[in-house]
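What follows is calculated from the coordinates using simple rules that are stated; it is not laboratory data. Here the structure is a predicted model, which means the values were calculated and not measured. Heads up, the Cβs are rebuilt from the backbone with ideal geometry, glycines too, and the neighbour counts pull from every protein chain shown.
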Amino acid sequence: MNGRRPTPWGIVAIAAGAAGLVAAAGLLPTPVQAVLVAALVLAGPGSVLRIWVPMPASTAAVLVPAIGLTTLILLTTAMETLGHWQPAASLLTLSGVAIVGGLSRWRAARGAPDAPVPAGPAGIAPTRTEEAP
């Protein structure tokens, strides 16, 4: 995973997280909220995983929604087992994970402002455009 740079999956993760936040607010009609929750569940957690784990597109098409559904099942099972059933909290948790996951990749791509640049061959520091993808 050389050359950490923003990916379309980061944008998907952030958009899915934003959809979940809007749905958690509860201000929209129920059918619209259902579509937003479906977008969060099917695209959010799986796209965060896809950001950091390289995989073929055909695998991602299956794994992204499966990871989202699995995450939701685990989260709701944990809430029910602990006796703290809070659907709004689960939406906020999944939304937060999606947004923070998408933004963390962008932060890693930009690097810290004062971070030293590793030296390339012969001690020459490469520019951003010279780094391997």
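Below, the figures for the structure above:
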quantity: Modelled FRET efficiency - R0 25 Å, THR59 with ILE11, Cβ distances, 0.05 increments; calculated: 0.80
quantity: Neighbour-count order for THR7, THR76, fewest beta carbons within 10 angstrom listed first; calculated: THR76, THR7
quantity: Over segment 1-84: Rg over Rh, Cα atoms, Kirkwood Rh; calculated: 1.04
quantity: Normalised contact order of segment 12-63, rounded percent, pairs of Cα under 8 Å and 6 or more residues apart; calculated: 42 percent
quantity: Ranked VAL48, VAL64, VAL53, VAL37, criterion: other C-beta atoms within 10 Å, fewest first; calculated: VAL53, VAL37, VAL64, VAL48
quantity: Cβ-based net charge around ALA13, under 11 Å, with every Lys or Arg adding one and every Asp or Glu removing one; calculated: +2
quantity: Low-density loop cleavage sites - chymotrypsin sites (Phe, Trp or Tyr not before Pro) in segment 1-100, where at most 14 other Cβ are within 10 Å (DSSP); calculated: TRP85
